[in-house]
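As structure tokens, the structure follows; a few thoughts come after it.
The values are calculated or read from the model by the stated rules, or taken from the named source; none is laboratory data. Worth saying up front: this structure is predicted, and the values here are computed from it rather than measured. Neighbour counts run over all protein chains shown; Cβ positions are idealised from the backbone, glycine included.
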Amino acid sequence: MMHYGDTYVPLPEACITIPEVLKPHGYRTACVVTNTYLRDKFGMTQGFDVADQFGALHFKLSICWMLHKLRLLKCPYYATHWKPKASEVTDRAIALLRRLEDAPLFLFAHYMDTHAPYLPPPAFANKFLDIDDAPRPEEIYRSTANLIKDGHSPDDRSIETLKSYYDACIYYTDHEIGRLLEELQRISKKRSSMVIVTSDHGDEFLEHGHLGHINIAHEELVHVPLICWHPNRYPAGMRVGSLVRHIDIMPTLRDMLGFSKPQEAMGRSLEPLIFGEDIDFDCESYAQGVFNVSINFRNWKAIYVDTTSTYALYDLTQDPGETRNLWAEEPEHMSILRDLLDEYMEAATDIADQKQRKLDPEIMKRLKALGYL
């Protein structure tokens, strides 16, 4: 799924999703999603038997929301931009596990708590803070974002406080994922299970002058965790240094389960790396934002920003923070990566031209509330 301002390209029905691969082999498929982008409007629930798409709807029906819309009550940011908490996602995911535990199950659970403005529950809020009088996260996030927008630099204390709230949200989400895994462990006494934990992006805290994740695809946004766990198959503690991608998940599942991979599916199985085999795993990895696209290949990374029609090139081995643009100094590397980026963008544009649709006003409101627009 790709997004371009007030238009979007939904997942084409011809694409084969993981649940569609598993269903013919007797698997039930279920998901718990909270992000607007992951709903059926965007084609992202394709192939799921059960899609629990909950969000702010029940809050909008509350008295608080109605009074706010009638301008009779001024709600704080966290109330008007409410999103489900990790505990609710876990509760619903556990309910699905119990409901469907008699059959092989593929379950996808999506957590939103690490998104701005970083609102951990009170019991977790001060986990990484040294002060008790810190401003509320939504207040400090809004003021910091406004300073950056106006061309000013926030003070270090504000950024460190935001990072502490962010870390608290990660800690809270980790706690709730642990609660889900405890239930899975109970059910898994009957059979083995595989767990994959990953993320769609990270957040920036002024590493390149911005806040959040609607920015240029630098490493702080695109270098995310990918954890594969299987107690009866994978060695514990194995760390892989090679570049790996989300598109490698389906081929990995194929190898683990012994199923055939759809012919059109991209990616390579990670199992040889997980088992420590010494193989050549060179591959390129793309990331696309609203106005930019990047490619990683070996130690090199190139970024194209379409609003300025400019390229940047970084050597991640020597410069992991992407502070030195080598575009003019490494013409050979830049030429190769630029050609790959151009091919990718041409293919993406062709898809967008064919499938692009207009976002309806309600979807626009939800995405603005999440900070995507």
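Hey, ARG324 hits all of (1) of a type in the set (D, E, K, R); (2) at pLDDT 90 or above; (3) closer than 25 Å to VAL244 by Cβ but one; which does it fall short on?
(3)
Residues in segment 248-270 that are under 23 Å from GLY26 (Cα atoms) and either aromatic (Phe, Trp, Tyr) or modelled with pLDDT of 85 or more (or both): how many?
Looking only at that region, the number is 13.
Considering only residues that are loosely packed, with under 11 Cβ neighbours inside 10 Å and under 19 Å from ILE216 (Cα atoms), which ones fall in segment 294-352?
THR307, THR308, SER309, THR323
Which members of segment 299-343 meet the condition of being in a loop (DSSP other than H, G, I, E, B) and of a type in the set (S, T, N, Q)?
Selection gives ASN299, THR307, THR308, SER309, THR317, GLN318, THR323, ASN325.
In the set ALA217, ALA236, ALA287, which member is touching a residue at least 24 places away in the same chain (Cβ under 8 Å), assigned by TED's automatic domain parsing to the domain that holds PRO19 and not in a helix (DSSP H, G or I)?
ALA217
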